[in-house]
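Accompanying notes for the structure given below.
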Amino acid sequence: MEGVSTRTGPTLKNILFLTDFSDWSECGIAFAIAFARRHDSNLHVLHVLTSALSEHSSPPESVAAAVDAAEQDALGEMRRLSSRFAAVPHEMGIVRDKSVWLGVKKILESRAIELMILGARGHAGTIEPSPGCAADGILQRAGISVLTIGPLVKGRHGVGRFHRVLFATDLSPESKAAVRQAVSMVQESESRLLFLHVMPDPNPGGRTTQDSVANVMHQLHELVSYGGNLLYPPRTIVQYGSTEERILEVAQEYGADLIVLGVRAAPDLDAVTHPERITARNVLLRTSCPVLTVPLGEGRDSTQPKPHEDAKEVGGAPQQMDRGYIM
């Protein structure tokens, strides 16, 4: 008899949805609402205003006018979006900072965020850094799981429930944290789980293919047992070649509608060029399903929220927003 699903994944009390008001960001709204509903979460909707305008060489009065106009535009967009989130507890926020990442980091820490959702635009090889959704770099620096809705997902994916989840693993000891997230997604949707490991092309002078595959399959089965009980037996897949290409091919062949990838933390942007991170970046840009990146290891301790010291409630017209703030 097939095992009965027993939920082992973490609860999500606080979810961050990052927006720059673009069409790509709009695609993530339905996912943010669906996750917040399912987990009874507080949804934090964030837009970051960077300091690029204030550093311009124009006269100070012109810069001040441009900054004020950008802020007013952002407030207008947040008011427009607020009604979209009426079905879930939510908070609309605008943060001013030197970069998108610094603004995001401020909210991750102060709101004890456990999952971030964002849209990405670009093409294989680069994610276009837009004013409010610079996904490249955030994935590796956040220290929490990030659900990214890539440019090919729009209009091609049912929201909220996943039927087949593909978990690509390097079999490292740290990957157990990513297994928990993958299993949690599968249990919530009562879906099927695929485990994939991609090996380098066989070395003629090294171990035999049969020995290598047998060893990997054994490790995959150990990883499966770590994840917990599932409604359907998971499928384990071993392939050779390019990790990026094999992930995309297996996702398409088996009809995966969510890809889960483990990503090691990158303390600085220089580290983002690591091949593993490039693979994650290119996969989310080339696949037609969302990609959940999970920090390998324990990640950031987000259990203790820090109090806001520099936030102020938005007054006047923005009172239409549920718990709005500007920082």
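Here, each number is a calculation from the coordinates, and none is a lab measurement. Everything numeric in this text was worked out from a predicted model, so none of it was measured. Using ideal geometry, Cβ is built from the backbone for each residue, glycine included, and neighbour counts are taken over all protein chains shown.
Things worth noting here:
- Förster radius 45 Å - calculated FRET efficiency between residue 216 and residue 72 (Cβ-Cβ, nearest 0.05): 0.20
- Cβ-derived FRET efficiency at R0 45 Å, residue 83 paired with residue 190, nearest 0.05: 0.90
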